[in-house]
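Read through the structure below, which is laid out as structure tokens, and then see the notes.
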Amino acid sequence: MTRTTAIACAAGAAFTCLASHAAAQDFLLVSDATGDKIIRYEYETGAPIDHFVGKGISPLNNPIFLRVTPDGDIAAASRASDSIELYDGDTGKWLRTLVAPGTGGLNEPRDLVFDADGFIYVASAANNRVIKYTAEGAFDRNLITSGLQEPSGLAIGPDGLLYVSSRDNDLVRSYHTDTGDRAERLPIENTGIDGPTALAFGPDGSLYIAGRHSDSIIRVPAFGVPSVLVSNSPVLDGPSQFAFDADGDLLVVSQDTDTIVRFDAQTGAFAGSLLTPGLAGGLNDAVGIAFLTATAPDTPGCNGADIDANGVLNVDDIEAFVIEYTAGCP
């Protein structure tokens, strides 16, 4: 499956079908940890489209970070089930459990990344290790077993190294993906960061680090000195996972306000909020975020699902179609 294929309409995806245009669209996925669901939004407007993964229709339990797979599907860290769940990137339909519960000692997965060869690396927070799996989800090895205290964020750098944030001892280190040997400890001590969680490399090669407890974002330029990009911002409270939009702006989940906020990735200037708490498709506990780009069909491919006949397709209608949503529509 690739992102160049047309969106497959599902009954719960009727919002998408109403907006029929052939141009590529950006969709933002946000995981709701306590709601056990993943909600899809139209990026330009922030309007909720559907419950991309609805509550109770797959093994998803306390979803944390989300990642787009090399095939364009969505992998979600399911913390309470100690597993990684895999979903179709067009329809949200559950495909399979990618990493079975507890495989290789997996305990409270927080983040996962894929390398160029398809290997999967998962931060196992409760036992302070990073575990490596094959592309099929089979256990390969316990790659990192010492020096970490609640590993929370992962990123593969332009140098091919695996970068890991260690939340409880305020470290970010890089490791060789074949041996797990340490490569470098990033000098972030003077940034005041507290509780580093999410990691992401930007379009310019800079590494971005979320400070969960310091409400800050640190930027580490390639071969440069770490600096504080965002600090004491009134719109950032408990930063979680990152994403970059097509303009290179940095999106970050403000977990404690259930809001997605946007910053200029170079200056740290606030560039607007995307979602409003309480009005964002039933979002209650935002943690993970991922972008999908897909091509909408030229012709609407499914019927409207206005169950309560109020003239508006909303989340209440979507919930009523949860079974049909997983099966797809004609």
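Taking the conditions (1) under 16 Å from the mean Cα position of the chain (by Cα); (2) buried (at least 20 other Cβ atoms within 10 Å of the Cβ) in turn, Pro48 satisfies each one other than (1). Within the range 269-280, at least one residue is outside any loop (DSSP other than H, G, I, E, B), modelled with pLDDT of 80 or more, under 18 Å from Pro203 (Cα atoms) and out of contact with any Ser or Thr (no Cβ under 9 Å at 6 or more places or on another chain). I'd like to check something: does the range 220-239 contain any residue that is within 19 Å of Val287 (Cα to Cα), in contact with a Pro (Cβ under 9 Å, 6 or more places away or on another chain) and either assigned to a strand (DSSP E or B) or small (Gly, Ala, Ser) (or both)? Scanning the range 220-239 turns up at least one residue that is within 19 Å of Val287 (Cα to Cα), in contact with a Pro (Cβ under 9 Å, 6 or more places away or on another chain) and either assigned to a strand (DSSP E or B) or small (Gly, Ala, Ser) (or both).
Contact map, the range 89-114: first residue over 22 Å from Ala155 (Cα atoms), second residue of a type in the set (Phe, Trp, Tyr) and buried (at least 19 other Cβ atoms within 10 Å of the Cβ), Cβ cut-off under 8 Å, separation 6 or more or different chains; pairs are Gly92/Phe52; Gly92/Tyr325; Lys93/Tyr87; Trp94/Tyr87; Leu95/Tyr87. Taken together, Gln266, Gln241 contain a single residue that is surrounded by fewer than 18 Cβ atoms within 10 Å (Cβ to Cβ) and under 30 Å from Gly46 (Cα atoms), which is Gln266. When you look at Asp249, is it within 22 Å of Leu275 (Cα to Cα), surrounded by fewer than 16 Cβ atoms within 10 Å (Cβ to Cβ), without any contact (Cβ under 8 Å) to a residue 24 or more places away in the chain and acidic (Asp, Glu), yes or no? So Asp249 fails the test. Of the residues making up the range 65-95, those that are under 22 Å from Thr293 (Cα atoms) and out of contact with any Pro (no Cβ under 7 Å at 6 or more places or on another chain) number 21. Residues in the range 106-120 that are assigned to a loop (DSSP other than H, G, I, E, B) and among the aliphatic types (A, V, I, L, M) were compared, and the one that is surrounded by the most Cβ atoms within 10 Å (Cβ to Cβ) is Leu106. Which of the residues spanning the range 238-270 are more than 19 Å from Val30 (Cα to Cα) and aliphatic (A, V, I, L, M)? Answer for the range 238-270, where residues must be more than 19 Å from Val30 (Cα to Cα) and aliphatic (A, V, I, L, M): Ala265, Ala269. Could you check the range 74-94 and list, in sequence order, the residues that are surrounded by 19 or more Cβ atoms within 10 Å (Cβ to Cβ), of a type outside the set (Ser, Thr, Tyr) and modelled with pLDDT of 95 or more? Matches in the range 74-94: Ile74, Ala75, Ala76, Ala77, Arg79, Asp82, Ile84, Glu85, Leu86. Please give the number of the condition Glu189 fails out of (1) at pLDDT below 95; (2) within 29 Å of Glu85 (Cα to Cα); (3) of a type outside the set (Val, Ile, Thr). All conditions are met except number (2).
The values are calculated or read from the model by the stated rules, or taken from the named source; none is laboratory data. In this text the structure is predicted, and so the values were computed from the model without any measurement. All Cβ positions, glycine included, derive from the backbone under ideal geometry; neighbour counts span all protein chains shown.
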